[in-house]
Amino acid sequence: MHDAAVLRRSGRLRLRPHGLAMLALACAAVGGALSMARANVVQTGHVKAELASQTTAATPGRPLYVALHQTIAPGWHTYWRNPGDAGQPTTLDWTLPQGWSAGPIIWGAPERFLAGPIMNYVYTGAVDLPVRISVPAFARPGQTVSLKAAANWLVCKDVCIPESAKLSLDLPVAAGPAPINPNGGDSIARAVADAPKPGGLSARFQADAGTVKLFVAGAALKELDTAHAYFFPYDAMALEQASPQRVARGASGLTLVLPAGYGFSHGKPPAKLEGVLSLGGKAFEVSASPGTPPPGAAGLAAPVESTPPPETAAPLGETPPSSAAPPPASRDGLGLAAALGLAFVGGLVLNLMPCVFPVLSIKAAALARHLESPARARGEGIAFLLGVVGSFVALAAMLILARAAGQAVGWGFQLQSPGVVAVLALIMLAAGLNLSGVFEAGLSLQGVGAETAARHQGWIGSALTGVLAVVVAAPCTAPFMAPAIGWALVQPAGVALAVFVALGLGLAAPFTAISFTPGLFGRLPRPGAWMDGLRKVLAFPMYGAAAWLAWVYAEQAGIEGLPRLFAAALAAAFAAFCWGVAQRARRPLTPRVVSVASIAAAIAVVAGAAA
């Protein structure tokens, strides 16, 4: 112990020089531990999100990996870079110190989730999405930098909810290499190491008669079990993603027989077929050009359908996706008649969904108003039908055009914009105020033709109610709808439009049928004060829908966006109040001017919030 660094003499502690150095290092280590990366954790409706660093500090001139870490609620899922037949990938918008830069998301291989004829590529459970951050050489050791990112994702189960989070990570800068972050650094390192990489593979493809053959060969494939091989394309339009893939083993590779998608079957085939080749626990990035098969990619056996690896767990608690896959012809084998039937039934069930039910409160109030006028009730029933069907046709046209242009869009895309959600929330609020009697919609002007104008305004109002019902139906997916919509979106335009018309007929059928049933009016109580009470009670589902849309808006725009939405709602409510005052006043000009000014203020606030 003669060389011990710490000696006790005369009751005092004395340190030798190299003991001082060791103590300094220990203090530095303690200080480093106390100044480790700090991140805020955001709990959205169904995902807990935060930024995490692979190391405890950044080093000048060395790359740093920072991941978006998500813990997804059981039964829910988010999406890969190619979401599949529907969905939206997660995005990150970085705000970094001057001189720092962020690369793209490093995507790990996803899971397959098959719902009817719709194939999605998803993530479940705990997910790390790493990003390579370039640290400038002039970063000063000892300083702490703040890395910020606005994250947006779509999380789905029976419904899809757009969610977002404003995330930040305070990270110290160290002079030398920093240790692995004990809070998630190992999982980020694994995510980076396991991310698909080229692996020295040679790949070619051939397209013919609705089939694409992908040939892949290389030494890295020799020891792997190719029975579980599956190809995830980067381009959603390249392949029919819900149809099974078949695989044949070669001496040093494999051949995948893939169903050609819209990109191959319409127009010029793509110059490259790119994506991820997954073989159970290993994944490779593949970029194939047209050409002859590389040596060793085929020849040992005939193609057989790819099977899921034994350890694969079905996402979302469903049947394992690959075992549930339909035979090759089943995507077209659903048939037009079956698709029309499923769409019609799905539309019927959609009436009971929480997204649509509040809108039907308006139509219930309309029926009560027309107890003594069956002819007018029938007219409004037809107008509602035309509004619903016309909206579905317009929505289908937008979906078809977007997918033809190569965009990955699906049912509910219109509620993925915060501006649209804000406008719908204000519309729901205005509808509730109207039902509560704050103002009256559809009152005709004084003078000749007042009765005719009121009648036409009632029909127009019913048609607009039908439009509103379709728009707010976006986050709901009624049973039977998914197979019909998924089948429709890969059919010719005329067939797809027919399926959406059937969906609209199903949604509008109950109200329209009731409006054409004279016997129903005979069973209802005579008109009286109860009608006004019913109307006011039916206002509350509208207020509930407005509150729900405000929650969706907060998930998209962040909690800091709510004050703007509340300000717009206050201005809209004041405008409705002033309009009601004008309707009852002898001199309505002043309250009308104030009402219009308040509406303009609400529009300006919403426009600013959506910007």
Could I have the simple spin-label model distance between residue 600 and residue 38, label points 7 Å from Cα toward Cβ, reported in nm to one decimal? 4.7 nm
Express the accessible area of the range 40-100 per residue in Å², computed with a 1.4 Å probe while the remaining protein chains stay in the model. 37 Å²
Between residue 378 and residue 401, what FRET efficiency comes out of the Förster formula 1/(1 + (r/R0)^6) with R0 = 41 Å and r the beta carbon distance, rounded to 0.05? 0.75
Label-point separation (nm) for residue 132 and residue 540, each offset 7 Å from Cα along Cα-to-Cβ? 5.8 nm
Out of the total accessible area of the range 146-221 (probe 1.4 Å, heavy atoms of protein only), what percent is carbon and sulfur? 52 percent
For the range 185-275, with every protein chain kept in place, what is the accessible area per residue (1.4 Å probe, Å²)? 41 Å²
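Counting only other residues whose beta carbon sits under 9 Å from that of residue 121, what net charge do I get with K and R as +1, D and E as -1? Don't skip to the answer; put the middle values down first.
Details: positive: 81, 112; negative: 111.
Computed value for this residue: +1.
May I ask you to give the percent of accessible area on the range 235-277 that is carbon plus sulfur, with a probe radius of 1.4 Å? Don't skip to the end; give the middle numbers.
Working: 820 of 1510 Å².
That fraction is 54 percent.
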In whole Å, what is the distance between the alpha-carbon centres of the range 537-551 and the range 127-178? 36 Å
Using a probe of 1.4 angstrom, how much of the accessible area of the range 562-611 is carbon and sulfur, in percent? 74 percent
Please give the length that would be gained between residue 158 and residue 219 if that part of the chain were fully extended, namely 0.36 nm times their separation in residues minus their C-alpha to C-alpha distance (nm, one decimal). 17.7 nm
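The values are calculated or read from the model by the stated rules, or taken from the named source; none is laboratory data. No experiment lies behind these values; they were computed from the predicted model shown. Methodologically, a virtual Cβ is constructed for each residue, glycine included, from the backbone with ideal geometry; neighbour enumeration extends over all protein chains shown. Quick note on the areas: whole protein, heavy atoms, side chains included, nothing else; ligands and nucleic acids left out. Shrake-Rupley method; radii C 1.70, N 1.55, O 1.52, S 1.80 Å.
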